[in-house]
């Protein structure tokens, strides 16, 4: 296929990574996508058993009609690892004091560790992986993953309500609530000393 590389990825149904400018083609096992002359794409497509193509997000189209815009690759931050001293004490703090939801707690025998995930209730963003320090070299970073800077930002649509609830639950605030140009913010620490912003962003009028 002129101007593009097809790199097989997987077995059975052929899966390709397409890199470079693509041209229209009806040739079997060639992805035919019409693009502008200056358009370049890095995408991952799957050749299905019925000679149709699809992408990892489930979009499908024929060789003649497939649109690259239907399979734009998207990325997002899924998890952020937080180094902790002990799984259970960390779970207790984040679920009871902060009110987070325990999303998963699964033992992984091959590595003798637990996969522990927590997230704010109703959150659709990134979640926290509570990762127990497994080596001496990791222990100094418990509570100090960012060298004293604010590490994580907890956004809310009810700053005053959350602030009062957190204070009642024993959360330590190091900086009192303050109204800034971007919203209302206060800084608190978790059980290990990691710094967080509790923030309600200003709504545009």
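The values are calculated or read from the model by the stated rules, or taken from the named source; none is laboratory data. In this text, all values refer to a predicted model and were calculated from it rather than measured experimentally. FYI the Cβ positions are ideal-geometry reconstructions off the backbone, even for glycines, and counts take in every protein chain you see.
The selection criterion, being at pLDDT 95 or above and either under 27 Å from residue 186 (Cβ atoms) or in a loop (DSSP other than H, G, I, E, B) (or both), holds for residue 90. Go through (1) touching a residue at least 12 places away in the same chain (Cβ under 8 Å); (2) within 30 Å of residue 179 (Cβ to Cβ) one by one and return the number of the condition residue 147 breaks. Exception for residue 147: condition (1). Filtered by the rule that a residue be outside the structural domain of residue 186 (by TED's automatic domain parsing), part of a strand (DSSP E or B) and over 10 Å from residue 85 (Cα atoms), the range 129-155 gives a lone residue, 129.
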